[in-house]
Amino acid sequence: MLDFFFEPQGVVFVGISTRPGREEFNFLQNIKAEGYQGKAYGVNPQGGMLGGERLYRSVRELPEPVELAVIMIPREAVIDTFKECIAAGVKGVIIITQGFADADAVGKAMQEEIVHLAKESGARVIGPNSMGLTNAFNRFSTLFNYWDIPERPVSVGVASQTGFFTCSMPFTSGGVGLSMDLGNTADVSFAEVISYYDRNSRIKVITLHIEDIKEGREFIRVAGEASRRKPILAIKGGVSETGKKAAASHCGSLAGEGEVYQAAFKRAGVIQVKDTEDLHDLCKAFLYYPPLQNNRIAIVSPTGGAAIMATDACEAHGLKVASLAPETLDYLRRFSPEWFEPPNPIDLWIAGMAQGYEKTLQEALEALMVDHNVDAVIDITPAIDAPTRDNSYGRTFLDVIIPIARKKIKPLVVWPFGTHTLEYINILDKNEILGFTGGEQAARVIAGLYRYGIIQNRPQPGSPPAVVSRERARAILKQPHHQAIINVLEEYGVPVVVTYFAPELDTALGMAGAVGYPVALKIFSPAISHKSDVGGVKLNIQNPEELRVAYKDLIAAVKSKIPGIAVEGVIIQPYLPGGVEVLLGVKQDPQFGPVVVYGSGGILAEIVADVSFELAPVDDATAWQMITRTRSYALLKGVRGSPAVDIDSLIQAIVSIGQLAVDFPEIKELDLNPLMVYRQGVMALDVRMVIK
């Protein structure tokens with residue numbers, strides 16, 4: 001569907017400069033100089049000639065139809081020109097012009113009209129506010145900067161929402177094969193570009209720069225399928241704290257934009273990277289090596305200090321120092337003194353002094369390459385001599401490393417150290433070997449290869465839970481009374497503590513007697529989100545006298561904290577001590593839909609922020625992962641003599657809440673805080689739901 005963008009048989013540039021030269025951003029001359037073989041035309045209202053080529057006054061004057069139009073004129077003229085393109089049968093339009101939804105209300109309305117025209121006609125649009133695209137394979141680019149298409153295209157497909165990414169691909173992605181700047185993403189979406197790259201056999205790695213995704217669930221579906229075949233790397237920009245501060249509920253506050261995108265990327269199998277350096281390194285790793293199926297690392301070094309640093313870096317990134325196979329240890333002992341036991345990390349200095357470091361290094365690396373207990377190797381090597389000088393130590397070491405690494409038996413990552421480190425890395429790079437200036441980078445990249453191995457082999461999600469009746473649940477949810485919230489949760493298998501509403505003290509006393517002491521007393525007001533924050537909770541009330549005092553104190557405290565607050569009454573519940581307090585809830589995200597939030601509960605929910613996030617629905621395995629990612633997991637297992645609690649029931653509650661949110665997208669926010677996890681079963685002690 002996007003071939004007419006990346007491989008157009010004909011293209012017209014509307015708004016082209018009449019001044020010759022690359023410095024004038026002259027698209028027509030630039031693409032011909034780069035070697036584009038298709039038909040190319042220029043449109044300028046003044047007409048005339050440019051470098052022997054006729055310039056046409058409008059798209060209507062072109063001598064033949066073209067597939068692609070690139071528009072770079074003032075925004076007031078864009079819509080009329082877009083209509084001309086549609087009438088001329090143009091299939092794809094790139095709008096370079098700024099000042100649409102990225103600007104003011106007028107620009108937003110103009111962009112909406114462009115989208116409407118595109119849908120009516122079937123034409124597709126990239127932008128507005130886009131720098132266009134590059135196809136290095138067929139020497140075609142619409143970039144207006146001083147961009148030299150690389151002579152050797154790299155099998156990387158880039159989709160971004162910034163010209164920075166488009167202009168700096170050699171440094172962010174290690175090169176480029178296909179690249180598209182989506183700009184305002186008015187029409188063509190990330191999902192479509194990912195799908196195109198996934199089907200393109202020339203692309204091995206997909207990289208994304210994302211500021212905003214409009215069709216979140218479609219992105220997850222498409223990226224989720226593509227990521228099983230090709231690694232997808234993403235940088236997320238524009239994460240703001242404003243959304244967190246504005247949120248009303250615990251879950252809304254904790255699940256800010258950054259956390260939601262993390263959950264979305266995880267669900268889609270997209271590897272989120274922290275910066276352009278990380279992106280560059282991982283791109284090269286995926287171009288050079290297949291994903292790892294295990295995380296056992298061998299470290300070879302002439303210096304114990306650097307080996308320890310590399311070991312620390314490996315463990316910090318979830319890698320294991322490999323236990324070498326017996327035959328490897330026997331082999332290494334042959335060129336070591338009798339008193340030296342070769343461990344991992346392997347210090348080659350002593351053996352190297354005895355028989356020559358080059359020979360020792362070669363024998364060690366060859367042994368590790370065939371060791372079935374080793375998945376990748378980090379080689380720390382001296383770079384103290386110029387590698388370009390004949391018979392230098394550096395040249396000798398590289399002559400050992402390069403042939404072994406180029407066999408690609410398993411990843412061999414090199415950390416050169418010394419005054420010529422960068423020269424070594426450049427030579428390694430030309431031989432498609434990973435070289436870095438430190439053990440941290442080496443470990444991070446190997447961890448990325450292992451992480452992608454997990455992504456490729458991740459299981460398909462399980463089936464949703466069975467509920468008694470979604471139809472009955474929908475009817476319950478339409479009821480105006482707060483009891484509807486409790487009933488619908490119980491319909492989905494999440495029990496809620498027996499709850500009574502009392503509009504005044506005498507009713508509260510009667511209900512407490514019916515419940516049986518001790519009881520819990522809580523304020524009831526739609527205007528109050530967090531009862532504890534305003535003194536609106538009293539626990540472990542033992543008798544009617546304590547209830548009278550607690551009631552007066554509670555009302556006074558709330559009205560003191562929030563003058564003029566409308567208090568509708570109080571809630572009476574049995575006081576149920578014991579168990580572990582957790583937070584469980586949902587936030588509806590405008591792009592990705594319901595996000596399940598789980599973590600430490602009670603009054604510490606937002607202070608501790610010990611939470612994990614997943615997009616709904618979740619299956620049993622995903623719910624288990626959510627639990628184990630939090631520090632509260634230790635409490636659930638039992639600590640310092642306290643008994644373990646019913647994690648199986650907690651898993652089912654997480655799964656059920658996720659399904660509830662999927663079934664009823666009108667639930668904007670839902671908090672169960674605390675949800676008590678007992679030795680047997682769970683119980684929600686406080687529930688808050690916001691319906692759109």
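The values are calculated or read from the model by the stated rules, or taken from the named source; none is laboratory data. In this text the structure is predicted, and so the values were computed from the model without any measurement. For neighbour counting, all protein chains shown are included, and Cβ atoms are generated from backbone atoms with ideal geometry for every residue, glycine included.
Could you tell me whether the range 668-691 includes any residue that is in a loop (DSSP other than H, G, I, E, B) and more than 22 Å from residue 574 (Cβ to Cβ)? Working first, answer last.
Here is the first cut: in the range 668-691, the ones in a loop (DSSP other than H, G, I, E, B) are 678-681, 685-686.
Now restrict to residues that are more than 22 Å from residue 574 (Cβ to Cβ): none.
The answer is no; no qualifying residue exists.
Under 8 Å between Cβ atoms, which residue pairs at least 6 apart in sequence (or on different chains) link something in the range 224-249 that is assigned by TED's automatic domain parsing to the domain that holds residue 444 with a partner that is modelled with pLDDT of 60 or more and surrounded by fewer than 17 Cβ atoms within 10 Å (Cβ to Cβ)?
Correct list of pairs: empty, since none qualify.
Can you name the condition, by its number, that residue 648 falls short on among (1) under 19 Å from residue 461 (Cα atoms); (2) modelled with pLDDT under 95; (3) not hydroxyl-bearing (Ser, Thr, Tyr)?
Condition not satisfied by residue 648: (2).
Take the conditions over 23 Å from residue 490 (Cα atoms) and touching a Ser or Thr at 6+ places or on another chain (Cβ under 9 Å) and apply them to residue 591. Does it pass? Steps first, answer last, please.
On the way: over 23 Å from residue 490 (Cα atoms): yes; touching a Ser or Thr at 6+ places or on another chain (Cβ under 9 Å): no.
So residue 591 fails the test.
If you check 508, 520, which single one turns out to be crowded, with 18+ Cβ neighbours inside 10 Å, assigned to a helix (DSSP H, G or I) and at pLDDT 90 or above?
On the way: 520 fails: assigned to a helix (DSSP H, G or I).
It is 508.
So which of 442, 447 is at pLDDT 90 or above, farther than 30 Å from residue 619 by Cα, within 26 Å of the chain's Cα centre (by Cα) and buried (at least 18 other Cβ atoms within 10 Å of the Cβ)? Before you say what the answer is, go through the steps one by one.
Numbers: 447 fails: farther than 30 Å from residue 619 by Cα.
The match here is 442.
Restricted to the range 297-308, and to residues that are of a type outside the set (Gly, Ala, Ser) and surrounded by fewer than 20 Cβ atoms within 10 Å (Cβ to Cβ), which residue is nearest to residue 404 (Cα to Cα)?
303
If I ask for residues that are of a type in the set (Val, Ile, Thr), at pLDDT 95 or above and within 29 Å of residue 152 (Cβ to Cβ), which ones from the range 196-221 would you list?
Those that are of a type in the set (Val, Ile, Thr), at pLDDT 95 or above and within 29 Å of residue 152 (Cβ to Cβ): 203, 205, 206, 207.
Any chance the range 32-50 includes a residue that's out of contact with any Lys or Arg (no Cβ under 9 Å at 6 or more places or on another chain), closer than 22 Å to residue 114 by Cα and either assigned to a strand (DSSP E or B) or touching a residue at least 12 places away in the same chain (Cβ under 8 Å) (or both)? Let's see the steps before the verdict.
Of all residues in the range 32-50, those out of contact with any Lys or Arg (no Cβ under 9 Å at 6 or more places or on another chain) come to 32, 38-39, 49.
Then drop every residue that is not closer than 22 Å to residue 114 by Cα, which leaves none.
Checked against the condition, which is being out of contact with any Lys or Arg (no Cβ under 9 Å at 6 or more places or on another chain), closer than 22 Å to residue 114 by Cα and either assigned to a strand (DSSP E or B) or touching a residue at least 12 places away in the same chain (Cβ under 8 Å) (or both), the range 32-50 yields no hits at all.
Which ranges mark the helices (runs of 4 or more DSSP H) fully within the range 275-353 that have 2 or more residues being farther than 30 Å from residue 203 by Cα?
On the way: elements: 276-288, 304-316, 326-334.
Filter on the range 275-353 gives 304-316, 326-334.
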